[in-house]
1. Answer yes if at least one residue in the stretch A:185-193 is within 16 Å of A:P20 (Cα to Cα) and either among the hydrophobic types (A, V, I, L, M, F, W, C) or not in a helix (DSSP H, G or I) (or both), and no otherwise.
2. Look at B:R159 and say whether it is more than 9 Å from every other protein chain (Cβ to nearest Cβ), more than 30 Å from A:A131 (Cα to Cα) and among the basic types (K, R).
3. Taking B:D24, is it more than 20 Å from B:F96 (Cα to Cα) and in a helix (DSSP H, G or I)?
4. Against the definition (crowded, with 17+ Cβ neighbours inside 10 Å, within 20 Å of A:R176 (Cα to Cα) and facing chain B (nearest Cβ under 10 Å)), how does A:R147 come out, yes or no?
5. Yes or no: B:H79 at the interface with chain A (Cβ under 10 Å from one of its Cβ atoms) and either over 23 Å from A:A131 (Cα atoms) or small (G, A, S) (or both)?
6. Those residues that are buried (at least 19 other Cβ atoms within 10 Å of the Cβ) and either away from every other protein chain (no Cβ under 11 Å) or under 15 Å from B:T58 (Cβ atoms) (or both), I need them from the stretch B:82-94; list them, please.
7. Being within 21 Å of the chain's Cα centre (by Cα), more than 30 Å from A:L84 (Cβ to Cβ) and outside the structural domain of B:G85 (by TED's automatic domain parsing) is the requirement here; does B:L209 meet it?
8. I'd like to check something: does the stretch B:95-104 contain any residue that is touching a residue at least 60 places away in the same chain (Cβ under 8 Å) and within 14 Å of chain A (Cβ to nearest Cβ)?
2 protein chains.
Amino acid sequence: MLLHKPDRELQKPLFDFGLPAFFDVLAEPQRVELKNLARQKTYRDGETLHQPTDVADTMGWIESGALLFGKYLQEEGFHTLARLGPGHHFGEFSAFPNRDGGKNLRRLAAVSEGRTIVNEIPADELSGLFARDPEYLRAFHFVTTARLALLLELYDDARRLPARQRIINFLSLVDRLMQEKRLLNCTQSDVSKMLGLSKVTVNQTLKALTERGVISIGYGTIKFQDAERLHAMTDRA
Amino acid sequence: MLLHKPDRELQKPLFDFGLPAFFDVLAEPQRVELKNLARQKTYRDGETLHQPTDVADTMGWIESGALLFGKYLQEEGFHTLARLGPGHHFGEFSAFPNRDGGKNLRRLAAVSEGRTIVNEIPADELSGLFARDPEYLRAFHFVTTARLALLLELYDDARRLPARQRIINFLSLVDRLMQEKRLLNCTQSDVSKMLGLSKVTVNQTLKALTERGVISIGYGTIKFQDAERLHAMTDRA
């Protein structure tokens, strides 16, 4: 299964910036139910869990480590679209009836990043459960809606704003998502990958924000020092 | 309620490109149930249905016409993030319990585009229904997941690809979404707004694709003539 290493340098993490994870959002009784059904599997760094168009016959959520979801490009091979950390789910659609009566297929490839433990449940053990108890779907819908809301703003910013304003908007968005938490575990390089901007541009903007006392930068962290001021610097009314 | 006209020139339609709508995805018995609960309201062009941070106390779906969802920017005022047409829903979260025990608030403003008929149901009439019968949540989750998948690809393309390749990738994505249907009701201007690219760039690329026999352009339509070739021109493997 160790087919290739993911594109470390090009990888662009998503959804790990304060967004709620399925397993954290799910109510306690349903968590217990899923834990009882799940088998834990451990993947080494760089293992491929599945490929696009594989039949989707399990859903899973990440216990520890991370999974990279991506597709294959003509030039660079595997290309990461999103990175999911602990509590985040994937493949839940495998347990829903397919409209055409056929099998549900994976849309993206999944590759482990570092040693990763995944809880997996066969789809046929879940379909009855999901059809009887709306709590599972409520939790899926809740986290998917949060991802969509974030991505809608990121996309809209990407297509209309200059780099500096995109960085400020992004930081303010993340700050709002994290609520009371003020420390973001994230390097300058992560921001540059996430937004598809050069490291130089990101470094310059973060440095200017630091000098104004809006954020402070630690080792692998960004701390929000003045969220009010940060928001005032966005282009939002 | 006629507060302002939306930014027609800057409006960037989203989600009307072959993506499934909630009311079309929902099973027949549940459609009947919702229709029985709904009151129809007609909005004139440019009416504001709600503002951000208004209490969200109804969900709705569009019967005819369209709604623009957006936020307010310091410079331009109302700014459209997404445009939803017939069958698409909004505000379903109003019927779910809020985690903090408070009221659910609107995140975006909604403004009618042209004469628009909306089916509206008070949230408190829905919360019981949604908590008992998973079919509603299945349909919400299905359409939200489809939107997220489209947006993830659009965003990833926007942050890493040149304009011409983004246009080709976008057309190929839309072609796959529409399945057997080969005619897209969409102007060159729509494509330019959707991708945030200049009309000149879009026109040049569409013209080149037309000369190669990949698409043909009609009055307000783009027809896919050679989907195989179009896909081969994307950067996807």
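1. Taking the stretch A:185-193 as the starting set, the residues that turn out to be within 16 Å of A:P20 (Cα to Cα) are A:185.
Next, only the ones that are either among the hydrophobic types (A, V, I, L, M, F, W, C) or not in a helix (DSSP H, G or I) (or both) stay: A:185.
Yes.
2. Here the answer is no, as B:R159 does not meet what is asked.
3. On the way: more than 20 Å from B:F96 (Cα to Cα): yes; in a helix (DSSP H, G or I): yes.
In short, yes.
4. So A:R147 passes the test.
5. Values: at the interface with chain A (Cβ under 10 Å from one of its Cβ atoms): yes; either over 23 Å from A:A131 (Cα atoms) or small (G, A, S) (or both): yes.
Yes: the conditions hold for B:H79.
6. B:R83, B:L84, B:H88, B:H89, B:F90, B:G91, B:E92, B:S94 - these are the residues of the stretch B:82-94 that are buried (at least 19 other Cβ atoms within 10 Å of the Cβ) and either away from every other protein chain (no Cβ under 11 Å) or under 15 Å from B:T58 (Cβ atoms) (or both).
7. It is false that B:L209 is within 21 Å of the chain's Cα centre (by Cα), more than 30 Å from A:L84 (Cβ to Cβ) and outside the structural domain of B:G85 (by TED's automatic domain parsing).
8. Start the filter on the stretch B:95-104 by keeping residues that are touching a residue at least 60 places away in the same chain (Cβ under 8 Å), which leaves none.
Taking every residue of the stretch B:95-104 in turn, none turns out to be touching a residue at least 60 places away in the same chain (Cβ under 8 Å) and within 14 Å of chain A (Cβ to nearest Cβ).
The values are calculated or read from the model by the stated rules, or taken from the named source; none is laboratory data. The structure presented is a predicted model; accordingly, all values stated were derived computationally and were not measured. When we count neighbours, we look across all protein chains shown, and the Cβ atoms used for this are built from the backbone with ideal geometry, even at glycine.
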